[in-house]
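Here's the structure, in structure tokens; my notes come after.
The values are calculated or read from the model by the stated rules, or taken from the named source; none is laboratory data. Bear in mind the structure is a predicted one, so any value in this text is a computation, not a measurement. Only protein heavy atoms, including side chains, enter the accessible area calculation; ligands, DNA and RNA are left aside. Shrake-Rupley method; radii C 1.70, N 1.55, O 1.52, S 1.80 Å.
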Amino acid sequence: MLTINVAVLLAVIIVVRLRRRTEARKRSDEQLTVLIVLVFGVLVAPTAFGQGVVNVVGQVAEGITQSGH
């Protein structure tokens with residue numbers, strides 16, 4: 001039996017949706033993409049990968065903040 005991780009499936013859907021031309025999208029289509037990305041973020045956040053991304057983004061933000069002073 002094949003098991004598919006929901007986060008991986010959403011990541012594939014996001015990549016496919018974002019590869020389409022911008023001019024061809026409707027407003028409702030863009031809203032659906034945003035919703036899918038939000039759900040993906042909620043699913044990935046508690047994982048080790050999600051925590052790693054949070055740490056990297058935090059370090060980058062801290063570096064930008066300190067370089068501005």
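Values for this structure:
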| read-out | value |
| --- | --- |
| Hits in the range 52-69 - residues which are open to solvent by less than 80 Å² (accessible area, probe 1.4 Å) and either modelled with pLDDT of 85 or more or within 23 Å of N5 (Cα to Cα) (or both) | G52, V53 |
| Filter result (open to solvent by 90 Å² or more (accessible area, probe 1.4 Å) and β-branched (V, I, T)) within the range 23-51 | V42 |
| Given (1) open to solvent by 70 Å² or more (accessible area, probe 1.4 Å); (2) modelled with pLDDT under 85, index of the condition V15 fails | (2) |
